[in-house]
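First comes the structure, then the notes that go with it.
The values are calculated or read from the model by the stated rules, or taken from the named source; none is laboratory data. A quick note: this is a predicted structure, and the numbers were derived from the prediction, not measured. Neighbour counts are summed over all protein chains in view; Cβ atoms, including those assigned to glycine, are modelled from backbone coordinates with ideal geometry. What goes into the accessible areas is simple: the full protein's heavy atoms, side chains included, and nothing from ligands, DNA or RNA. Shrake-Rupley method; radii C 1.70, N 1.55, O 1.52, S 1.80 Å.
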Amino acid sequence: MLAAALISFALTQAPSLKEARALADDVYAGRSAVAWSKSSSSLRASVASEAGLRGLINSTRSSLGTEVRVITEAMVERNGGTLYRRVSAVTNWARGMELELAFDVKGALVAMTTRPASKDAPTISALHKTRADLRLPFDGAWFVLWGGRKYDDNRHTPVPDMRYAMDVFIVKGPGTYQRGGAKNDDYYAWSQPVLAPADGVVVEVVKDTPDNVPNQPRPGVLYGNSVVIDHGTGEYSLLGHLQFGSVSVKPGQQVVAGQQVARCGNSGMSTEPHLHYQLMDAADWTKAHGLPAQFKGFLANGRHVERGEPMRAQVISHADVEARR
Ligand SMILES: [Zn+2]
């Protein structure tokens, strides 16, 4: 009888997944009432009042931005208390972010923290063989800063649509820019033509995002100016951070591989001019899942690749098949 009572007592202490989830929803919505009612005495002491807690919630919320999608969530027992961890794609970070709510042994809220997500998003597409005849979406030699299938090589992997994305820059000598690097024009990648990687139909265009000043990314429009191309194979290419005023295609327009669609820019969550590329299983990146993109006929660090996925730290360039004959 006593044992049963103790067990039921213990079970009622931890918040349910549903309760923890609702509190995280409140954080993203800027609501403080329930969080205040569930706050521990230590949290109450540190924020002084419900208005103080609302201030904490709002600063957390403005750092994360709008939640685009929940990637994973988990309840973890820690030191008798409970942690609720939710990894989400958010508008203010070009990568996944984790919101953690900590509850004490009595189930009261003691802390909320955020950190960049660092686990590869679950994927069912690891064995996917790219069906579209992809070529690299640029000419010339570009440096892969983030590319590959693991987080250590590719900071995109925690977010489902970015699961296999790559970021490419142009590097000459020691860096990506000349002069001081204070202006977009200083960067070698700036204004370089961005090409359709394969035949298809343009299905999404964003073109009204101003370019950022270098190192001042603009929260809110993740990919900035972007073009999505439907290749007719169940595969969609997204080209992001394009230069304001450079997008030269519109929805419904047919494009062919190698055709210029825009110029490289610095719009959206971007710190300097570069190209973000990803292949997806749907046109809407807020719902799509990333697909591995195997490109045909390119050079990686000077070696010819018949078909393959660019990797972090490679210098890659399109191999003109005609020129090689
Ligand atoms: Zn990127």
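One table, with the values for the structure above:
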| item | result |
| --- | --- |
| Mean separation of Cα contacts under 8 Å (6+ apart) over length of the chain, as relative contact order % | 16 |
| Per-pair calculated FRET efficiency, R0 = 41 Å: Gln253 and Ala22 via Cβ, rounded to 0.05 | 0.40 |
| Asp133 paired with His304, simple spin-label distance in nm, labels 7 Å along Cα-to-beta-carbon | 1.7 |
| Centroid-to-centroid separation of segment 221-283 and segment 92-161 [C-alpha atoms, Å] | 19 |
| Residue-normalised accessible area of segment 206-311, expressed per residue, 1.4 Å probe, Å² | 40 |
| Which listed pairs, of Lys183/Lys296; Lys183/Lys287; Lys18/Lys38; Lys18/Lys106; Lys150/Lys287; Lys38/Lys119, have C-alpha distances above 26 Å, in listed order | Lys183/Lys296; Lys183/Lys287; Lys38/Lys119 |
| Cβ-defined net charge surrounding Val315, 13 Å radius [Lys, Arg +1; Asp, Glu -1] | +3 |
| Residues listed by number, segment 231-270, amide nitrogen under 11 Å from Lys287 label point at 7 Å toward C-beta | none |
| Virtual spin-label span in nm between Ser59 and Asp185, 7 Å along Cα→Cβ | 4.0 |
| Rounded percent of accessible protein surface that carbon and sulfur make up, segment 199-325, 1.4 Å probe | 50 |
| Per-residue SASA entry for Asp185, accessible area with 1.4 Å probe, Å² rounded to 10 | 100 |
| Compactness of the chain - radius of gyration and Dmax, Cα, Å | 23.0, 86 |
| Computed FRET value (nearest 0.05) for Thr91 with Val171, which takes r as the C-beta separation and R₀ as 22 Å | 0.15 |
